[in-house]
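Everything on this sheet refers to the single structure shown next.
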Amino acid sequence: MRVELTGPQYEFVTATDQFPAMVAGFGAGKTHAAILRLLTLKLQYPIQSVAYYLPTYDLVTTIAWPRVMETLESWGLGYKQNKNDKIINVEGAGSIIFRTMDAPERIIGYEVADSIVDELDTLPEEKAAHAWNKIIARNRQKKPDGSLNTVGVATTPEGFRFVYDRWVRRAESGYRIIKAGTMSNAANLPTGYIDSLRTTYPPQLLAAYLDGEFVNLVAGSVYPEFDRAANASAERIKEGEALHVGMDFNVGKMSAVIHVLRGDDPHAVVEHTGVLDTPAMAALLSREHEGHKIIVYPDASGASRKSNNASESDLAILRKAGFGVRVNPSNPRVKDRVLSVNKMICSDGARRYRVNPEGCPDLVESLEKQAYDKHGEPDKSGGLDHVIDAAGYFIAYRYPIKKPATAIKIGFAA
C-alpha cells in the first residue's frame, strides 16, 4: 500500500534527522503525519517500542489514541488495547506507549526507540523544555541496525517559545524544521475552511495559524481593537432581568463582571473586584442584585478548588446560593478565550461587546492596557488579568470561537 501525503507531510514522515519538527498551520495535517511517522517507525523496528506524547490526558484519549487505532485498522493490522496504561500492542510489532506532558516529572519508567511529540509549543516554555529533556532521555532502546533514536515534533507555532528557541535560535545538527502551511493540505480540507480561518483570527496570528510561521506575539495589546468610546455602553440593569456573570476565582482578588443582553449582544454593566473569596462573592451578588436570576460563567478550576476555610468547591457554593452555573469541563485555551473576546469587540467592523465605563472602570482599563508578556501570553504581572479573565469566561462560553472541523482524507493507492 502507498499512503498519499502532501509534500511537507512526506518530508516529515520520511525524515532521517534525529529531531525533525513539522511546524504547521491549522489543518495542515500535522497529526496525520505524526501518526504515520510513528507507525512507519514501529513497523520498521517491530521489536522496539515507540511513544506518542500530547500535552494533556484529554488530548491523548480524544485525538491520538482513537486515530492510531483507526489507522492500524485501515492498514489491516491487529492490535490489543491496554486502556489503563494507555498502551497499544500491535500484533507482531510491539508496543505504542501514550503519555502526557502536563507533568514532565512523570515521564519515567520505560524505554522506547522513537517518539512523536504533538503540540509541544502549546506548553509554557519552561515546562516544554523540561518535558523535552525527559522525553529524549526515554529514547534509548538500541535499534538492530544501529540507526539513531529519533523524536519527531508536530506543532503549531506559538510565538518565539521553546520550538523556536531550540530549532531556530539554538539550532544544532539533527534539529530540522519542516514548514507546513494550511494551503499545502487544501485538497483534503472542507470547502470554506481556509476562509473561515481568515475571518476568525486577527492578522497578527494568521501568519502562525495559517502559514505555520513563527511570529512575534510578545509586543502589543491583547485587545488591540477595543476603543472605550466605540465600545461604550450606557446600558444599566433593568428590573427583574437575568444577569450573566463572568467570574474569576482568586482568594483575596476575586472578580465578577455582570453582563446584560440586548438582543444577543452582551453589555458589561457592573463589576465587583477585590472580593475576599467565593462565599463573600456569592453573598455580595445575592445582596446587591436581589430579585434577578443570576447565571454565573466561572473559571472551570472552581469544580475542584476550595474557597478559603471552606470544605465545598467554589462551584458548589455558587449553586448553593441559588445561581445557575454554566461551565465547560475545562477552561478553553487562553488564546481561544482572547480570540473570543476580540471577535466580539470588533469583527468586520461590527462591535457587539459593549462596556459601561462608569460601571466597569477596571474592565475598561484592562481591555485598554493588558499587553503580552515575553512568552506571548497575556501579562499577569500588572494586576490587569483578574477582571478581564472574569469577563472572558462568560464570552468564551456563550460566544466561543468555532474552529471548523478538519476532515483529513487518508488515501491509498495500489
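Each reported figure results from applying straightforward, stated rules to the coordinates on display, with no laboratory input. Treat the numbers as computed from the prediction; the structure is a model and nothing was measured. Cβ placement follows ideal geometry from the backbone for every residue including glycine, while neighbour counts extend to all protein chains displayed.
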Exercise. With springs connecting C-alpha atoms under 10 Å apart, model the chain as a Gaussian network and identify which of ALA93, ALA283, ALA207 has the largest mean-square fluctuation.
Key: ALA283
Self-check item: Within the chain: Cβ-based charge dipole about Cα centre, in debye rounded to nearest 20 (Lys, Arg +1; Asp, Glu -1)
Solution: 920
Self-check item: In degrees, nearest ten, helix 278-288 long axis to first principal axis of the chain (Cα)
Solution: 40
Quiz item: Using the 10 angstrom Cβ neighbour count as an exposure proxy, how do THR14, THR155 rank, fewest first?
Solution: THR14, THR155
Self-check item: Nearest-0.05 FRET efficiency for THR62 and ALA230, computed from C-beta distance (R0 35 Å)
Solution: 0.35
Quiz item: Could you give the angle, 0 to 90 degrees to the nearest 10, between helix 30-44's Cα long axis and the longest principal axis of the Cα atoms of the chain?
Solution: 30
Quiz prompt | Segment ASP145-ASP373, length gained on full extension (0.36 nm per residue, minus Cα span) | solution = 77.4 nm
Practice problem: May I ask you to derive the FRET efficiency for ALA187 and LYS380 from their Cβ-Cβ distance with R0 = 51 Å, giving the value to the nearest 0.05? | Solution: 0.75
Quiz item: Which loop GluC sites (Glu not before Pro) in segment 6-95, with loop taken from DSSP, have no more than 13 other Cβ atoms within 10 angstrom of their Cβ?
Solution: GLU91
Quiz item: Along each of its three principal axes, how wide is the spread of alpha-carbon positions in segment 217-271, in whole angstrom units, largest first?
Solution: 44, 34, 17
Quiz item: Taking square-rooted eigenvalues a ≥ b ≥ c of the alpha carbon gyration tensor, is segment 2-217 rounded, prolate or oblate, where a/c under 1.5 means rounded and, failing that, a/b exceeding b/c means prolate?
Solution: prolate
Practice problem: Please go through segment 353-396 and write out the GluC sites (Glu not before Pro) that DSSP classes as loop and that have at most 14 other C-beta atoms within 10 Å. | Solution: GLU358
Exercise. Could you calculate the contour length gain from ARG262 to ILE47, that is, 0.36 nm times the residue separation minus the distance between their Cα atoms, to one decimal place in nm?
Key: 71.0 nm
Quiz item: Any idea what the relative contact order of segment 2-217 is, in percent, if you count C-alpha pairs under 8 Å spaced at least 6 apart?
Solution: 31
